[in-house]
Ligand SMILES: NC(=O)c1ccc[n+]([C@@H]2O[C@H](COP(=O)([O-])OP(=O)(O)OC[C@H]3O[C@@H](n4cnc5c(N)ncnc54)[C@H](OP(=O)(O)O)[C@@H]3O)[C@@H](O)[C@H]2O)c1
């Protein structure tokens, strides 16, 4: 039975790889992006027009989220993936040297937006069979991992872990599973060309692990292959 997935930041990187792998197996994808006409997404739509719904969405904007919600109306969403993310400046986010405006911008995308999007589309997720909300966090948000450097990015991923666990506890009784993932170190604009794995490998792992997850896994923090990560 084909499912409907909604993916934020679906125009490039891990988001586009997820969308591509999902339509290849016959699932429907609501491909949300700031520019839904961007080349990667346009190519996917051209190949699989019946399976892809390109949707304009800036996850930091209440108005944009409301417009996307209005466009999708009551359409059930089996799996909502909060994938959109930013790293912040490559310099000036150290323990002793911080660009505070940039830190705030990172929190807008990586922390506030996943909850804003989850709130908006919770009725659609509740109306589905799958009832899952997955957020692409990062191992860099693990406090147990003895972190140093990249303070803005790391703290945003620690914070989104906490936000989603609190949210997960609130929606557990509605049968909605809330999942947190590290996607691997992935060859994208964010991960860089020297990263460990291609986006296709990350996407395949994430999809398989999400497929196998349900309410028993709610509020877990795991890798793309399903291994637990210490908070
Ligand atoms: N790559 C890695 O090694 C790695 C490791 C751990 C975690 N992650 C996480 O994985 C997720 C995807 O990362 P990636 O590597 O695929 O990054 P990427 O290639 O840089 O892509 C980031 C995506 O997020 C979108 N985005 C940023 N701000 C947005 C906004 N305000 N509204 C809507 N979309 C927005 C971008 O859209 P635009 O094209 O419009 O900018 C783009 O589609 C992120 O949450 C990231 O933190 C990545």
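Please treat every number below as a calculation from the coordinates, not as lab data. Since this is a predicted model, take the numbers as computed values, not measurements.
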Estimated 222 nm signal from helices in the chain, with DSSP H stretches of n ≥ 4 weighted -39500 (n - 2.57), rounded to 500: -12000 deg cm²/dmol
With 10 Å bins from 0: P(r) over the stretch 1-115, alpha-carbon pairs, percent: 14, 42, 28, 12, 4, 0
32 Å tail of the calculated P(r), the chain, as % of Cα pairs: 12 percent
Degrees, to the nearest 10: 62-72 long Cα axis against longest axis of the chain: 20 degrees
Gaussian network model of the chain, Cα within-10 Å springs - most flexible of 186, 111, 160: 186
Contour excess over end-to-end distance, with Cα ends at residue 212 and residue 74 and 0.36 nm allotted per residue: 47.1 nm
For q = 0.14, 0.29 Å⁻¹, Debye-computed log10 I/I(0) when each Cα of the stretch 180-231 counts as one equal scatterer: -0.36, -1.07
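State the extension gain, in nm to one decimal, for the chain segment bounded by residue 67 and residue 91, taking 0.36 nm per residue of separation less the distance between their alpha-carbons. Write down the numbers at each step before the final one.
Numbers: separation 24, 0.36 × 24 = 8.64 nm, distance 3.50 nm.
Gain in length upon complete extension: 5.1 nm.
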Extent along principal axes [Cα atoms of the stretch 141-194; Å; largest to smallest]: 42, 22, 16
Listed residues 18, 96, 57, most fluctuating in the chain (Gaussian network, C-alpha, under 10 Å): 96
Share of alpha-carbon pairs per 10 Å distance bin for the stretch 98-191, given as whole %: 15, 45, 30, 10, 1
